[in-house]
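Reviewing the structure listed below.
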Amino acid sequence: MKRILAPWCILLPFAAALAAAGEPAQYALRYDAASRTMQASLCLDRAAALQRFAGDASAPGHVEGLTRSSGASLQRDGDGWSARDWRAGECLRWRADLGQIADASARRSALHATGTITDPGGWLLWAADVAAADAIVELPAGIALSAPWTPEPSAGATRRYHIERTPPDWLARIAIGRMSETTIDRPGGRLHVAIGGTPDPAQRTRLLAWLERVSDAATTAYGRLPLADVQVLVIPVGAQRDAVVFGQSTRGEGNGLTLFVDPSRDAHAFERDWIAVHELSHLFHPHLGARGAWLAEGLATYLQNVLRARSGLLTPAQAWAELADGFARGRAATPRDAAPLEQASLDMERAHGYTRVYWSGTAYWLAVDLDLRHASGGRIGIDDALRRFDACCLAPPRAWSPQAFVERLDALMDTDVFARRWREYRTLTRFPDVPALDASTDTGVRAAIMRAKGGRQSED
Ligand SMILES: [Zn+2]
């Protein structure tokens with residue numbers, strides 16, 4: 001379980017300040033496949049009168065055998081532990097039964113087939129004043145690890161990573177098991193792909209071809225991937241109606257996507273998938289919280305259609321038809337006297353108000369894109385804003401309020417359209433008026449949206 005409210009908002013600025021001062025922290029992790037147990041240690045260079053350790057709220061139920069390398073004692077302290085007179089170079093050691101954690105959270109047997117899947121928040125303890133750490137991970141022969149952490153050069157059975165701390169309520173996924181691993185390199189970044197289960201060679205080839213096309217689509221926003229390292233965990237879930245049945249983007253301890261697939265489906269079924277492009281599109285915006293879900297889901301939903309058209313996975317006409325169809329569903333799903341969009345966004349998970357929230361947000365990004373393009377003869381759109389946001393602000397990860405995000409986009413583009421439309425949309429109690437996209441009068445702008453910069457694709 002992830003906490004909705006966590007004390008990180010108080011903790012993180014403090015931790016960031018100390019990290020800037022150069023606090024080194026080093027994890028050593030050793031996984032035992034037979035017992036599905038992780039032996040962990042965390043060593044800190046700096047002495048402290050009082051050092052505190054914690055994971056997320058579930059961690060006390062998952063970790064055991066905590067000891068200090070000095071032999072000094074350790075006290076339980078709320079959701080964590082505290083250690084007095086912490087010495088420079090001292091290490092905290094513990095173990096975690098990852099198998100038990102994974103089995104408790106895996107409702108589907110398919111997850112077991114992929115490996116032992118856990119959220120590291122439940123077992124990776126952090127020291128209170130540490131904002132980033134390096135990790136050395138030892139794995140048994142034949143066992144792979146999929147993590148959102150940034151891989152560093154390593155040799156043999158030992159892997160090295162850099163881990164950026166994120167708020168404990170940010171979801172993360174770590175899979176350990178017999179997976180096939182590969183990397184997909186594109187300008188600006190690399191996807192670290194791990195495929196679970198036992199797909200045959202033809203299935204594996206098809207999955208990789210699909211992920212390559214999805215990666216190409218993501219680069220059509222502004223020529224490169226928005227983030228340097230992205231975890232891609234592919235989990236086969238047996239025979240399904242669609243090739244890709246569910247996806248999720250995660251931001252805990254790095255950026256990741258999880259994609260649940262039916263690897264037996266043919267290449268055409270994977271070509272029709274929109275989920276992978278949607279999840280990758282979430283990498284273009286920062287963590288915006290439940291209040292900003294309409295902005296986040298709207299952007300991913302808009303881009304899932306625009307980027308597929310630009311990369312040839314859809315024709316431009318198909319992409320416009322997908323958008324028109326989605327707007328119709330969004331309008332139908334918006335009740336009379338609906339709550340303001342921002343409130344619906346906060347209530348989305350509880351009330352299952354996904355369709356209205358996603359498509360109202362999509363209308364926002366289309367409206368802003370059209371505003372920018374009408375003002376620039378089609379030349380400038382939201383791509384340029386996202387590219388500039390990437391350059392200044394996407395890494396290292398931190399939470400942004402929706403208002404701070406749109407105001408930064410405005411500042412980067414020397415405009416007021418992002419915040420102006422945001423103020424208009426967040427209070428909407430009905431479905432937005434979708435800008436008219438008259439094919440006969442708006443041809444140039446329509447074509448520009450669905451064309452990669454420098455691309456040759458024409459409106460059809
Ligand atoms: Zn989404």
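The values are calculated or read from the model by the stated rules, or taken from the named source; none is laboratory data. Note that the structure is a prediction, hence the values are computed from the model and not measured. Ideal geometry is used to build each Cβ from the backbone, glycine not excepted, and the neighbour counts take in all protein chains shown. The accessibility values were calculated without ligands, DNA or RNA, using every heavy atom of the protein model including side chains. Shrake-Rupley method; radii C 1.70, N 1.55, O 1.52, S 1.80 Å.
A few points about this structure:
- Angle in degrees between helix 417-426 and the longest Cα principal axis of the chain, rounded to the nearest 10: 80
- Taking all protein chains into account, the per residue accessible area for the chain stands at 43 Å² (1.4 Å probe).
- Length gained when the stretch GLN248-GLU407 is fully extended (0.36 nm per residue, less Cα-Cα span): 54.5 nm
- Cα centroid separation, the range 75-100 to the range 36-68 (Å): 3
- Taking the convex hull of Cα positions in the chain, its mean projected area over all directions (nm²): 22.4
- Accessible surface of the chain, 1.4 Å probe: 51 percent of it comes from carbon and sulfur atoms.
- Here the contact order of the range 237-277, divided by its residue count and restricted to Cα pairs under 8 Å and six or more residues apart, works out to 47 percent.
- C-alpha long axis of helix 316-332 to longest principal axis of the chain, angle in °: 80
- Placing unit charges on the Cβ atoms only, positive for Lys and Arg and negative for Asp and Glu, gives the chain a dipole magnitude near 200 debye about its Cα centre.
- The chain: angle of helix 8-20 to the longest principal axis, Cα-based, in degrees nearest 10: 70
- Both numbers refer to the Cα atoms of the range 179-284; Rg and Dmax are 12.7, 36 Å.
- Site pair THR427 and GLN100 shows an inter-label distance of 5.3 nm when each label is modelled 7 Å from Cα along Cα→Cβ.
- In plain terms, the chain from ASP79 to THR198 could stretch by 39.0 nm, reckoned as 0.36 nm per residue minus the Cα-Cα distance.
- Sorting the segments 85-93, 56-64, 247-255 by their residues' average number of neighbouring beta-carbon atoms within 10 angstrom, most packed first, yields 247-255, 56-64, 85-93.
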